[in-house]
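Encoded as structure tokens, the structure appears first; notes follow it.
The values are calculated or read from the model by the stated rules, or taken from the named source; none is laboratory data. Keep in mind that this is a model prediction, so the values were computed, not measured. Note that we place each Cβ from the backbone using ideal geometry, even for glycine, and neighbour counts take in every protein chain shown. The protein model used for the area step is the full one, side chains on, heavy atoms only, and it has no ligands, DNA or RNA in it. Shrake-Rupley method; radii C 1.70, N 1.55, O 1.52, S 1.80 Å.
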Amino acid sequence: MLFSDIILETSIALLANKVRSGLTMLGIVIGIGSVIAMIAVGQGAQKSVEDRIQSIGSNLLMIRPGFARSPGQTVSQGQGSSTSLTLEDAQAIESDVSFLSAVAPSVSGNYQVVSGGSNTRTSVTGTLPSYVTVRNIELESGSFFTDAHDTRRSKVAVIGPDVRDELFPDETDVAGKKIRINGIDFTVLGLTVSKGSSGMDSADDVVYVPLSTAAQYLTGSDALSMISVTVSDQSIMDQASADITELLLARHDIVDEDSADFRIMNQSDIVETASSVTETFTLLLGAVAGISLLVGGIGIMNMMLTTVTERTREIGLRKAIGAKRRDISRQFLSESVALTFLGGVVGVVLGWGAAALLTRFGGVATSVSGISVVLAFGVSAVIGIIFGYYPARRAARLNPIEALRYE
Amino acid sequence: MIECRNISKIYCNGDNETAALSGATFSVRDGEFVAIMGPSGSGKSTLMNILGLLDLPTGGTYLLDGKDVSHLSEDELANVRIQKIGFVFQSFNLLPRTSVLRNVTLPLVYGGVPRSDRQAKAEDALRAVEFPEERWEHLSNQLSGGQMQRVAIARALVNNPSLVFADEPTGNLDTKTGVLVMKAFRRLNREKGHTIILITHEAEIARYADRIITIRDGEIVSDMPNREVRND
């Protein structure tokens, strides 16, 4: 039996009962479609987490003030409430710890930002130009402030795209514009490139000002909210972290590491945790979708068994005129594989469409990978073979005499 | 061509053993037109299944063209069937919703005949049974009973078998159509030299054959030439 004969027989058989073939195929369409869409959602989440971490920089160590405790008391006032980190600490780290490529102290707070009739409440970060290196900040237009601005405590600012949208919705060039932060006039120097928002903490809804300007006009103190450090190589992150801990403990006259008044967060730890969470999420979504694929497969098997029973006489006739077991089983297997394969094609298209719609209207990040498409095709063909095998074997094993007599 | 020696078939149903056929011994020469006649339950269908290589005997020897075929495997039997045997059934057994030509081509498909040769062979077979050419592309379910049986005969002839079995070929037809079908068999036997074995329970139909083997309760009770061959 030639391959083209099998194709012809299969199409005749499937077209003979269009509604039944269509409904059975629908099971596979929904199964494959949901696998593609769910994996796209999972991988989209994974990708956005990774992108966000990448945008911050994965060689990053973040040093934050620890818990403030009043002397003699054990009441914690929450992480970051301490005012233990200072600019001197940052300078000491920069000069004493080796293998650091950049150190950026920063202070941040939420302030009302006004321009003309528009205003917004946003996060204002006071920092040094090295922040650009540490946090991978790119400028859309204009320039970042310089060390000279910091020394002179210039009232200049760099704004994020979200702030631009709020304050200057119709402007593309914002350099030279005036904004008021906390009632003080600032001149805008530049606009950062959008990094995309990720939940509450957006890198786009932000205003950067020089550190000393922030200390004088906004916070009124020298305390830092964070020191960001980039290590020159990812392999020495732990060493750098230990060196900084040792230095800061010495500087703060603390003997016991457990009572340190600062905390160091390692970006790569966060990456690992985040990606293991999203991987589990992807796996879970995939498993749920996989169950619907299994149900679709059982639908195929059900239909194929019915078909074999209905066509018992035909099978008997085919065997009488010379079809071998192999010919019969191939014919029925190819019917089930054709159903699952066509269902797989439609399912991939629908799943892809569903993922695109979710992104467009639901704001969910999705990512359809080539691997998941190839996998879906493979799985659908395998399902056709697995669930078609038993019915095909049953057909092939029919005794021609009994099959011909079957009523 | 066919040589049967003491062929028997015993069906086991639990502890019960039923002998459908016991000790059938006869032979059929090339080009004969033989009717195997008997009432239902006589074992004539069992005999046809064995002669047509759809089933194996439980005892005895069956030589087809001098070769012992009593112990072949299922697929080996299928191979011999493709080469040497054609079947015509009482209920036609055409593939539904399939064109006449495609139905006739089916044995060639399983016989591994290349696509280019199939059409010509199918057309020859349809012409041999005088099936009107304008209906070749009709679907099988659009045909009358007589037409369906002609297509079935053409299908049986398409791979040019030396042996054609006809199992109650007129059973589902009215008398007039039945006569036409039997005449077609006669002509194929006389003009093309096909060996035809006709299975029937009707004496009137058996009279188209040259030789009548009567079987009853699994045993051959008579085997004689037909002196009054029907020729109407």
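Numbers for the structure displayed
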| item | result |
| --- | --- |
| Cα long-axis angle, helix A:87-96 against chain A (0 to 90 degrees, to the nearest 10) | 70 degrees |
| Chain B - mean residue ellipticity at 222 nm from DSSP helices (-39,500 (n - 2.57) per run, n ≥ 4, rounded to 500) | -9500 deg cm²/dmol |
| Estimated Rh, the protein assembly as shown: Kirkwood, alpha-carbon pairs, angstrom | 32.2 Å |
| Subset of A:LYS155/A:LYS178; B:LYS84/B:LYS192; B:LYS44/B:LYS183; A:LYS324/B:LYS192; A:LYS18/A:LYS319 violating a 20 Å alpha-carbon distance limit | B:LYS44/B:LYS183; A:LYS324/B:LYS192; A:LYS18/A:LYS319 |
| Heavy-atom accessible surface that B and A bury in contact, both chains counted, 1.4 Å, Å² to 100 | 2300 Å² |
| Chain A, relative contact order in percent, only Cα pairs under 8 angstrom and at least six apart counted | 29 percent |
| Cα-based helix-to-principal-axis angle, B:145-157 vs chain B, degrees rounded to 10 | 70 degrees |
| Average Cα contact separation per residue, segment B:2-225, under 8 Å, 6 or more apart, as relative contact order % | 30 percent |
| Solvent-accessible area, 1.4 Å probe, carbon plus sulfur percent, for the protein assembly as shown | 53 percent |
| Accessible area per residue, Å², segment B:2-225 with all protein chains present, probe 1.4 Å | 42 Å² |
| Theoretical FRET efficiency, 1/(1+(r/R0)^6), r = Cβ-Cβ of A:THR83 and A:LYS178, R0 30 Å, to 0.05 | 0.40 |
| Reachable lysines from A:LYS47, criterion Cα separation under 27 angstrom, eight or more residues apart if same chain | A:LYS195 |
| Cα-based helix-to-principal-axis angle, A:325-362 vs chain A, degrees rounded to 10 | 30 degrees |
